[in-house]
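This report concerns only the one structure given below.
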Amino acid sequence: MTEPYTVCLYCGSSNRADPAFYEAAAEFGREVARRGWRLVYGGGRVGLMGAAADGALEAGGEVIGIIPGFLHDFEVGHHGVTRLEVVESMHIRKMRMFDLSDAFCILPGGLGTLDETFEIMTWRQLGLHEKPIVLANLKGFWTPFLALLRSQVDAKLVRPEHAALLQTAETVPELFDALGERTEAVTGATSKFL
């Protein structure tokens, strides 16, 4: 039996963000489940992470959470997911999420989300993987980040083709449109992303 297409989600754990971000995260989770895909995420029950996991679970999806022990001990682990893996460190968490995933999606988040985003982009730049990376610039949240990338390209510190490894979308449906084009490429169809 083949494994389902697995999407890794990077997003915030704050409960103080714009309510529209939580609804978008829940919508993301529901759509992952609707497509028969599997969700891998940071294992939390709070913030956008929890909203995405709950959305997928409510829609009958499979959800794998990966959480380091020290965060699990703070009682933020989501024990309602299909599988919750408690690992030793943040580094192991990120590697495990990478190993399980076919693609990476980014919703609004804080420093941890930035860390994950830069790392997965760097690994792609270095040729360590060819998995798609799609960022949802909801309500312009990531516009300053995208401007930073453009300034790095303008300063000739980042190559344009490396900045272009990050696909962008303005909404959750557009994010899935981008992933849909990429999954067709993975299964052999022609794609502008290859």
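The values are calculated or read from the model by the stated rules, or taken from the named source; none is laboratory data. Treat the numbers as computed from the prediction; the structure is a model and nothing was measured. Cβ placement follows ideal geometry from the backbone for every residue including glycine, while neighbour counts extend to all protein chains displayed. The area values use the complete protein model at the heavy-atom level, side chains included, leaving out ligands, DNA and RNA. Shrake-Rupley method; radii C 1.70, N 1.55, O 1.52, S 1.80 Å.
Starting from the Cα of GLU75, step 7 Å toward the Cβ, then list every residue of segment 38-54 with an amide N under 14 Å from that point. Label zone hits: 45-46.
If R0 is taken as 41 Å, the Cβ-Cβ distance between ALA163 and ASP99 corresponds to a FRET efficiency of 0.95. Solvent-accessible area of ARG124, all protein chains in place: 40 Å² (probe radius 1.4 Å, heavy atoms, ligands and nucleic acids excluded). For VAL86, VAL76, the ranking by accessible surface with the largest value first comes to VAL86, VAL76, using a 1.4 Å probe.
Placing a pseudo-label 7 Å from each Cα along the Cα-to-Cβ vector at THR171 and GLU23 gives an inter-label distance of 1.2 nm. Across every pair of non-identical alpha carbons in segment 1-102, the mean reciprocal distance, once inverted, gives a Kirkwood radius of 13.2 Å.
Not counting the cut sites, what is the longest span of the chain without GluC sites (Glu not before Pro) that DSSP labels loop and that have at most 14 other Cβ atoms within 10 Å?
Details: sites that count: GLU75, GLU88, GLU130, GLU170.
Counting only loop sites that pass the neighbour cut-off, the longest clear stretch is 1-74.
Using the heavy atoms of the protein chains and a 1.4 angstrom probe, tell me the accessible area per residue for segment 1-120 in square angstrom.
Working: 5360 Å² over 120 residues.
Counting only protein heavy atoms, the per-residue value for segment 1-120 is 45 Å².
Highest mean packing first, where packing is the average number of other Cβ atoms within 10 Å per residue, the peptides 137-143, 37-43 line up as 37-43, 137-143.
Placing dummy labels 7 Å off each Cα toward the beta-carbon, the span from LEU126 to ASN15 is 3.7 nm. Taking label positions 7 Å along the Cα-Cβ direction at both VAL153 and PHE118, the computed distance is 1.9 nm, reported to one decimal. In loop segments of segment 50-98 as defined by DSSP, the chymotrypsin sites (Phe, Trp or Tyr not before Pro) with at most 16 further C-beta atoms inside 10 Å of their C-beta are PHE74. In order along segment 133-141, the phi-based Karplus estimate (6.51 cos²θ - 1.76 cosθ + 1.60, θ = phi - 60°) of 3J(HN,Hα) comes to 10, 10, 10, 9, 7, 5, 6, x, 4 Hz; Gly and Pro are listed as x.
Just need the relative contact order of the chain here, percent rounded to a whole number, with Cα pairs under 8 Å and 6+ apart. The partial results should precede the final answer.
Values: 350 pairs, mean separation 36.5, N = 194.
Relative CO of the chain lands at 19 percent.
Rolling a 1.4 angstrom probe over segment 2-94 with all protein chains present gives an accessible area of which 52% lies on carbon and sulfur atoms.
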